[in-house]
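Here's the structure we're looking at; comments come further down.
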């Protein structure tokens, strides 16, 4: 996962480790799970969930990271896209 602060926003980009470096393709949609965007540090579940709770924007790829965000009530199942069989979700928090 990678945390970045820009213009007062805290962006969390996270992907399941086995997806880093892959490109997901489905029709005209191509999602590059680029290492430079999605990887900064390895994290355990507790650190990841704490980071999710403090970020204002999240970009998540993979079953594990998306499921944790759903479990924490940050993403609803109906807002999860599936690209090439892999869950993908984004969220933005209007409150901190």
ask   = Which one of the conditions (1) within 15 Å of residue 86 (Cβ to Cβ); (2) surrounded by 12 or more Cβ atoms within 10 Å (Cβ to Cβ) does residue 74 fail to meet, given that it meets all the rest?
value = (1)
request  = Might you let me know whether segment 21-33 holds any residue that is without any contact (Cβ under 8 Å) to a residue 40 or more places away in the chain, surrounded by 10 or more Cβ atoms within 10 Å (Cβ to Cβ), closer than 15 Å to residue 63 by Cβ and over 12 Å from the mean Cα position of the chain (by Cα)?
outcome  = yes
note = Residues in segment 25-67 that are touching a helix residue (DSSP H, G or I) at 6+ places or on another chain (Cβ under 9 Å) and part of a loop (DSSP other than H, G, I, E, B) total 6
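Yes/no per residue for (1) on the phi > 0 side of the Ramachandran plot; (2) at pLDDT 95 or above; (3) in contact with a strand residue (DSSP E or B) (Cβ under 7 Å, 6 or more places away or on another chain):
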| residue | (1), (2), (3) |
| --- | --- |
| 40 | no, no, yes |
| 58 | no, yes, yes |
| 68 | no, yes, no |
| 89 | no, yes, yes |
| 93 | no, no, no |
message = Pairs needed: first member in segment 70-96, in a helix (DSSP H, G or I); second member anywhere, surrounded by 15 or more Cβ atoms within 10 Å (Cβ to Cβ) and modelled with pLDDT under 95; C-beta distance under 8 Å; at least 6 residues apart or different chains.
response = 79/91
query = Tell me, which residue of segment 5-20 that is part of a strand (DSSP E or B) and in contact (Cβ under 8 Å) with a residue 12 or more places away in the chain is surrounded by the fewest Cβ atoms within 10 Å (Cβ to Cβ)?
reply = 9
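The values are calculated or read from the model by the stated rules, or taken from the named source; none is laboratory data. The structure displayed is predicted, hence computed values, not measured ones. Here the Cβ is made from the backbone with ideal geometry for all residues, glycine too, and neighbour counts use every protein chain on show.
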